[in-house]
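To start, the structure under review is shown below, and the notes come after it.
The values are calculated or read from the model by the stated rules, or taken from the named source; none is laboratory data. What you see is a predicted model, and the numbers here were worked out from it, not measured in a lab. Reconstructed Cβ throughout: ideal geometry from the backbone, glycine too, with neighbour counts over all protein chains shown.
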Amino acid sequence: MEKERDLTTPDLSPTERKVMEFILQGKHLTDIAKELSISAKTVSTYKSRIMAKLGVENNTELVIHGMLTFGMGGIYMDKIEE
C-alpha cells in the first residue's frame, strides 16, 4: 500500500524554501551553493531535510511534489503573479 502524500505547503525554513526554488529551476547543488554562498555539502543537507519534510524518497519525487505544491514557477510564483 502506497502512503498518501500531503500536498499542502510544508513548514520549510527560508533557506530550505530558497534551495527548493533553485531545485525547481533545475539548478545543480554546486550552483545553488555558489548562489547562497554555502558549501555543496550544506545544500545537500538542506535538500535531505526538505525531502524528509515532504516525505519523498528520490529526486524525481522531490521535483514532482515541489511542482504540485509550489507550482511550476517555484515557491514564490504567487508573489510574481501579484
Legend entry - Hey, V56 in a loop (DSSP other than H, G, I, E, B) and modelled with pLDDT of 90 or more or not: yes
Legend entry - Cross-chain or 6+ apart pairs with Cβ under 9 Å, the range 39-68 first and in contact (Cβ under 8 Å) with a residue 12 or more places away in the chain, then surrounded by 13 or more Cβ atoms within 10 Å (Cβ to Cβ) and of a type in the set (S, T, Y): Y46/T15; L54/T69
